[in-house]
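Read-outs throughout are calculated quantities, based only on the coordinates presented, and are distinct from any laboratory measurement. The structure displayed is predicted, hence computed values, not measured ones. Cβ placement follows ideal geometry from the backbone for every residue including glycine, while neighbour counts extend to all protein chains displayed.
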Amino acid sequence: MIYGSFAQYYDELFDEQLYLQWQQYVQANTTPGTQLLDLAGGAGRLGVLLAQKGYQVTDVDLSAEMLVLASQHAAAAKVDLELVQANMLDLDGLGQFDVVTCFADSLCYLADMAEVQQTFTQVHAHLKPYGIFLFDVITPYQTDEKYPGFMFNYQSPDNQRFFVWSSFADDDVPHGVIHELSFFDRQADGNYRRLAETHFERSYPLETLKQALHESGFTQIEVTSDFGQGQPGPTTTRWFFKCRVGE
């Protein structure tokens, strides 16, 4: 399960500034106080920020480990988060919301376009009339040009933990990329324990995503870059979508 076996590591390493930018993007496009469903909300970092701004947040994630962290973060911040373990492909029983969000290119971890389409359909079914769906995805430019050969290394200040991230093109999947993640944790005897996972992401042409959204019932689709601050171009690495449900 993605992020399942080292949820704590992932939560600690993720750039906090990104959560603030997603929060600002949500606030710029929605109304505080509304009911919001955060798909693949993970450890609840964004959910907590939005709850602090008055949103009624439901955090849905496939990983039970991530939701445990979300509970801890919500308690520390003294906010209420509804936590639900579920697959974004099947949201039955969750009711309807004013806003649904899905960030950190979580849709890019789905197996194929059929699953992306299924998720769009599920989201549409769980939005109220005039509801808003906000999400981001990495672009084919990111998967084809930026990620292949990418490496990132991290060493904790106390030298107790190391992280290595390497990315490669996935030759079997159009616009696919493979991420090899390894954590090294120092044990009491001085040796290091290695924990590793492989993640698979893929992107899709912009028109393919737009068509899938239209087929799922979304009537207004706006695509931007830079957390809604720019217009997409040939070297855009991440698209931001604002989609609205009709009456």
Divide the volume of the convex hull of the Cα atoms of the range 169-247 by its number of residues and quote the answer in cubic angstrom per residue.
180 Å³
Helix by helix through the chain, keep the DSSP H runs that span 27 Å or more along the axis on Cα and average at least -1.0 on Kyte-Doolittle, and give those back in order.
none
Charge context of Asp38, other residues only, Cβ under 11 angstrom, K/R +1, D/E -1
-2
Could you name the lysines whose alpha carbon sits less than 29 Å from that of Lys210, not counting residues in the same chain fewer than 8 places away?
Lys128, Lys146, Lys242
Unit Cα scatterers, Debye sum, the range 97-183: log10 I(q)/I(0) for q = 0.12 Å⁻¹:
-0.53
The range 134-170 and the range 111-128: distance between their alpha carbon centers, rounded to Å:
27 Å
Over the range 173-214, what relative contact order in percent results from Cα pairs under 8 Å that are six or more residues apart?
42 percent
Counted neighbours (other Cβ, 10 Å), sorted fewest up, put Ser71, Ser106 in the order Ser71, Ser106
Using only alpha carbon positions, build the gyration tensor of the range 1-146, then give the equivalent ellipsoid semi-axes as the square roots of 5 times its eigenvalues, largest first, whole angstrom.
21, 19, 16
Expressed as a whole-number percentage, the relative contact order of the chain with C-alpha contacts under 8 angstrom and at least six residues apart is 16 percent
How big is the antiparallel share of DSSP beta bridges in the chain, given as a percent to the nearest 5?
70 percent
As a check on your grasp of the helix formula, calculate [θ] at 222 nm for the chain: sum -39500 (n - 2.57) over DSSP H runs of n ≥ 4, divide by the residue count, round to the nearest 500.
-8000 deg cm²/dmol
Length-normalised contact order of the range 142-247 in % [C-alpha pairs under 8 Å, at least 6 apart]:
18 percent
